[in-house]
Amino acid sequence: SSCRVKLAAGNDPASSVGHLIRWRVGKGSTGAPQIDVRVRLYEGGGDVQGAGTLIASFTRTDVDALTTYEENLSGAEADAITDYSSLFLEFMANEA
């Protein structure tokens, strides 16, 4: 399963460091197998999955209980963002 969410509009911090993405995910039912989750950060593309410019991709394996993850963008990833009002996170479960 998958979903895509729009991030709140932010301002360009005019820096290549300190770009932190914080997200939370967990499997839906107790006793079910653990899941793998791939999270992708896109610029643009609206509500269309896989659309826009891929900025970064993060993978977590063996996700069980609801957990908060933090990802720091590299300087190149941060510099690739040109429109902070058009950022989307796309979550894909069981795709490692």
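The values are calculated or read from the model by the stated rules, or taken from the named source; none is laboratory data. All figures in this text were calculated on a predicted structure; none of them were measured in a lab. Glycine also receives a Cβ, built like all others from the backbone with ideal geometry; neighbour counts cover every protein chain displayed. These accessible areas exclude ligands, DNA and RNA; they are computed on the full protein's heavy atoms, side chains included. Shrake-Rupley method; radii C 1.70, N 1.55, O 1.52, S 1.80 Å.
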Exercise. Calculate, axis by axis, the spread of Cα positions in the range 45-95 along the three principal axes, and write the results as whole Å, longest axis first.
Key: 35, 26, 17
Quiz item: Once the other residues with Cβ under 11 Å from the Cβ of R22 are scored (Lys, Arg +1; Asp, Glu -1), what is the net sum?
Solution: -1
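Cβ under 11 Å from P33's Cβ, P33 left aside: what net charge do those residues give with Lys, Arg +1 and Asp, Glu -1?
Taking every Cβ under 11 Å from that of P33, the sum is -2.
Could you work out the equivalent-ellipsoid semi-axes for the chain, taking the square root of 5 times each eigenvalue of the Cα gyration tensor, largest first, in whole Å?
25, 14, 11
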Exercise. Starting from the Cα of S15, step 7 Å along the direction of its Cβ; do the same at N72; then give the gap between the two resulting points in nm.
Key: 1.2 nm
Practice problem: Kindly report, to the nearest 10 Å², the accessible surface of R4 as traced by a 1.4 Å probe over protein heavy atoms only. | Solution: 40 Å²
